[in-house]
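In what follows, a structure is listed as structure tokens, so that the remarks can point back to it.
Only the coordinates and a few stated rules stand behind these numbers; no lab work does. Source: prediction; values computed, not measured. All Cβ positions, even for glycine, are placed from backbone atoms using ideal geometry, and neighbour counts span all protein chains on display.
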Amino acid sequence: MPRPLPAIRILARLDAPYLGTLGADAIPALAEALPELQPPQRPEALEALRASHERLAEDDRSWPAWNLARERARTALEALFGR
């Protein structure tokens with residue numbers, strides 16, 4: 001799914017610690033937009049995504065707890081950080 005360019009421009013101005021507070025629905029877009037961030041913000045955003053990766057790795061993966069947004073977030077984060 002193509003992402004709109006204005007969203008990338010807005011993302012480049014976000015406060016990186018705020019990124020860590022966003023839900024699982026936002027994680028795939030954030031991971032994809034990481035290279036578009038300004039260089040000083042990339043390490044902070046990467047750390048926020050790493051924290052989300054650790055949190056999601058500990059989540060219950062049984063079928064009653066399964067959630068599409070969390071699964072998409074896990075997939076995007078595993079592409080960045082591995083399992």
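List of remarks:
- Per-residue HN-Hα couplings for the stretch 52-63 [Karplus 6.51, -1.76, 1.60; θ = phi - 60°; Hz; x = Gly/Pro]: 5, 4, 5, 5, 5, 5, 8, 5, 5, 10, 5, 4
- More than 15 angstrom apart: percent of Cα pairs within the stretch 5-81: 51
- Positive dipole terminus of the stretch 5-81, leading residue within T21, A79, P35 (C-beta point charges): P35
- Extension gain, W66 back to L80 (0.36 nm per residue minus Cα-Cα distance, nm): 2.9 nm
- In Hz, Karplus ³J(HN,Hα) per residue of the stretch 21-35 (6.51, -1.76, 1.60; θ = phi - 60°; x = Gly, Pro): 8, 6, x, 4, 4, 7, 4, x, 5, 5, 4, 5, 8, 3, x
- Extension reserve of the E47-D15 stretch, reckoned as 0.36 nm per residue once the Cα distance is removed: 10.3 nm
- Backbone HN-Hα couplings from phi across the stretch 39-46 [Karplus 6.51/-1.76/1.60, Hz, Gly and Pro as x]: x, x, 8, 4, x, 5, 5, 4
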